[in-house]
Amino acid sequence: MKILLVEDDPQVASFVKKGFEHEGYELTVAYDGRAGWGLYQQQPYAIVVLDVNLPYLNGVELCRRIRQGQHRVPVLLLTALDSLADKEAGFEAGADDYLVKPFAFRELLLRVRALTKRYAETSTPQILQLADLQLNLGAKIVTRAGQRIDLTTREYSLLEHLLLNQGRIVSRVDIAERVWEVDFDTTTNIIDVYIGYLRKKIDRDFSPKLIHTVVGMGYVMREG
């Protein structure tokens, strides 16, 4: 599970990172709000943990930006301030939970587990849609402009992953881990081959094109 931590205190960041990595999680650290926003846009995370008082872009504003996007992700705020006004500002921006510093790592871990479990149970819609493309998760049927599109099992899994992260760049490494469930082999072009298969089936005879290559970074599904 991938976690994004945005925390400007190196000691706190190191403490949290070591704790999660010891538990088997993958944690990426940004030390200011602007860098955190950039990392968030590059790949999907299972949860975002934000300090409130951040340079350049504070945690409340960063939370608000995250909530304006299409991708639903739990957000937990960290703060040294325990006032009701500060908590209200965070919750109004869309935060799911609040933890006051200093905190025990075990408490943070339990809250992260609870939030990610709750989102996994409630946040996935039955229909994924982009423009006139629809993927029915229950029936496992894909249509575009009302026309049914037959996909192989691997093509379907790849399309589902891209649609779950529409509007965000998905790297080849992430695709390999989530769709192929293997470590990424940099010598193979299998992912590019399957992207080509999908393009032929859902983009070639339709408009607008929905699968886009971001050179050096991966792929993104969006209109135009």
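Taking only region 113-161 into account, find how many residues are touching a helix residue (DSSP H, G or I) at 6+ places or on another chain (Cβ under 8 Å), in a helix (DSSP H, G or I) and hydrophobic (A, V, I, L, M, F, W, C).
2
Looking at region 38-67 only, could you name the residues that are without any contact (Cβ under 8 Å) to a residue 40 or more places away in the chain and either more than 22 Å from GLY218 (Cβ to Cβ) or buried (at least 18 other Cβ atoms within 10 Å of the Cβ) (or both)?
If we filter region 38-67 for residues that are without any contact (Cβ under 8 Å) to a residue 40 or more places away in the chain, which is where we start, we get 38-40, 52, 56-58, 60-61, 63-67.
Result: TYR40, VAL52, TYR56, LEU57, ASN58, VAL60, GLU61, CYS63, ARG64, ILE66, ARG67.
Among the residues of region 3-37, which ones are under 22 Å from GLU107 (Cβ atoms), among the acidic types (Asp, Glu), under 19 Å from the mean Cα position of the chain (by Cα) and surrounded by fewer than 22 Cβ atoms within 10 Å (Cβ to Cβ)?
Within region 3-37, GLU21, GLU26 qualify.
Which residues, counting only those in region 87-105, are under 18 Å from ARG64 (Cα atoms) and loosely packed, with under 14 Cβ neighbours inside 10 Å?
Residues satisfying the conditions are GLU88, GLU92.
Counting only residues that are assigned to a loop (DSSP other than H, G, I, E, B) and open to solvent by 10 Å² or more (accessible area, probe 1.4 Å), which one in region 68-86 is nearest to VAL112 (Cα to Cα)?
Among residues in region 68-86 that are assigned to a loop (DSSP other than H, G, I, E, B) and open to solvent by 10 Å² or more (accessible area, probe 1.4 Å), the one nearest to VAL112 (Cα to Cα) is ARG72.
Out of (1) out of contact with any Phe, Trp or Tyr (no Cβ under 7 Å at 6 or more places or on another chain); (2) assigned to a helix (DSSP H, G or I); (3) not charged (D, E, K, R), what's the single condition that is false for PRO55?
Here PRO55 clears every test but (2).
The values are calculated or read from the model by the stated rules, or taken from the named source; none is laboratory data. These numbers were taken from a predicted model, which means no experiment stands behind them. Glycine also receives a Cβ, built like all others from the backbone with ideal geometry; neighbour counts cover every protein chain displayed. In case anyone asks, the SASA skips ligands and DNA or RNA and just uses the protein heavy atoms, side chains included. Shrake-Rupley method; radii C 1.70, N 1.55, O 1.52, S 1.80 Å.
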